[in-house]
1. Sort segment 144-286 into rounded, prolate or oblate with this rule: let a ≥ b ≥ c be the square roots of the eigenvalues of the Cα gyration tensor; rounded if a/c is under 1.5, and if a/c is not under 1.5, prolate when a/b is larger than b/c, oblate otherwise.
2. Any chance you could get the radius of gyration and Dmax over the Cα atoms of the chain, in Å?
3. Let me check against my output: what whole-number percent is the relative contact order of segment 146-286, with C-alpha pairs under 8 Å and at least 6 apart?
4. Place the peptides 266-272, 220-226 in order of packing, highest mean first, counting for every residue the other Cβ atoms within 10 Å and averaging per peptide.
5. Hey, in the GNM for the chain with a 10 angstrom Cα cutoff, which one of 131, 257, 37 fluctuates hardest?
6. Keeping every protein chain in place, order 79, 227, 53 by accessible area at 1.4 Å, biggest value first, i.e. largest first.
7. For residue 19 and residue 123, what is the calculated FRET efficiency with R₀ set at 30 Å and r taken between the beta-carbons, to the nearest 0.05?
8. At 1.4 Å probe size, put 105, 160 in order of accessible surface, largest to smallest.
Amino acid sequence: TLPTVINVTSVLPRPVAAAEPVARPRHYLMCRPEHFEVRYAINPWMRPGRPVDRERALAQWEALRQAYLDLGHRVDLIDPVPGLPDMVYAANGATVVDGTVLGARFRHPQRQAEAAAHRDWFAAAGFPVVEPEFVNEGEGDLLVVGDVVLAGHGFRTDPRAHAEAAAVFGREVVPLELVDPCFYHLDTAVAVLDDAHIAWLPAAFTPASQEVLRARFPEGIVAGPADAAVLGLNAVSDGRHVVLPAQATGLAAALRERGYTPVPVDLSELLNGGGGPKCCTLEVRS
Ligand code: ARG
């Protein structure tokens, strides 16, 4: 006789398990927010009237650095320069691929001197540094995913810098156009999770660029408005552990579902300048 109740789960095909995300040790460059303040506004997050708690910014930044050390990564520091309050956002200072450094060139005069500070740091560390001809704000707009470089434009980086980056690094560069001033750098709208996966905010891009990202990353995690509103996509992944703003709880849950380990950090004070964990972190790929 047949059993009256069939255990359906035992006869349905089991979902294929996703490959277990693998962490790779990383090398980062960071800059202590010793001179952090908001005294000009070059993105909609910045409100020069609002006081900034620098002690709190320093403590939050220190916790971010400690999170990387706890994950086994190497963190080098570049000396903060008085009068450059945005230098804490080290991601903008350069882009490093295969040990080659493409220097930055900033759009706004308030940040221009940061480029030389980074160029000098890399030169002293023995890296060849290429001086850029066109405006590029480093890893703010140039994101390495596996063999390709995703390249933002629309607010900061000059589209002509994309070809320059392709020539310097010998990599395919994929141009993506940003449309929302709140997501002015590519690293506020795309989080690189590993060599083949991203999380992203479609509304930050033109329809054509959305199509490009959908075609390349059909499994991309789509961030919701609540996560975007706290710059949740400004995240740093080692391939497994994803350091992201603590307030981005929806994104953290989506990451956990895919097998990643979210590592929440509270950088609320640095959000006053329009940045999160990724903005504070430049990856040195040697
Ligand atoms: N206040 C800085 C600016 O507007 C923030 C930079 C954030 N960095 C980043 N990688 N998105 O330039």
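1. Rounded is the answer for segment 144-286, as its axis ratio a/c remains below 1.5.
2. Cα only, the chain: 19.7, 84 Å (Rg, Dmax).
3. It comes to 18 percent, rounded to a whole number.
4. Ranking the peptides 266-272, 220-226 by packing returns 266-272, 220-226.
5. 257
6. Result of the area sort, largest leading: 79, 53, 227.
7. Calculated transfer efficiency: 0.15.
8. Sorted by accessible area, descending: 160, 105.
The values are calculated or read from the model by the stated rules, or taken from the named source; none is laboratory data. Note that the structure is a prediction, hence the values are computed from the model and not measured. Heads up, the Cβs are rebuilt from the backbone with ideal geometry, glycines too, and the neighbour counts pull from every protein chain shown. Side chains are part of the model used for accessible areas, which takes the heavy atoms of the whole protein and leaves out ligands, DNA and RNA. Shrake-Rupley method; radii C 1.70, N 1.55, O 1.52, S 1.80 Å.
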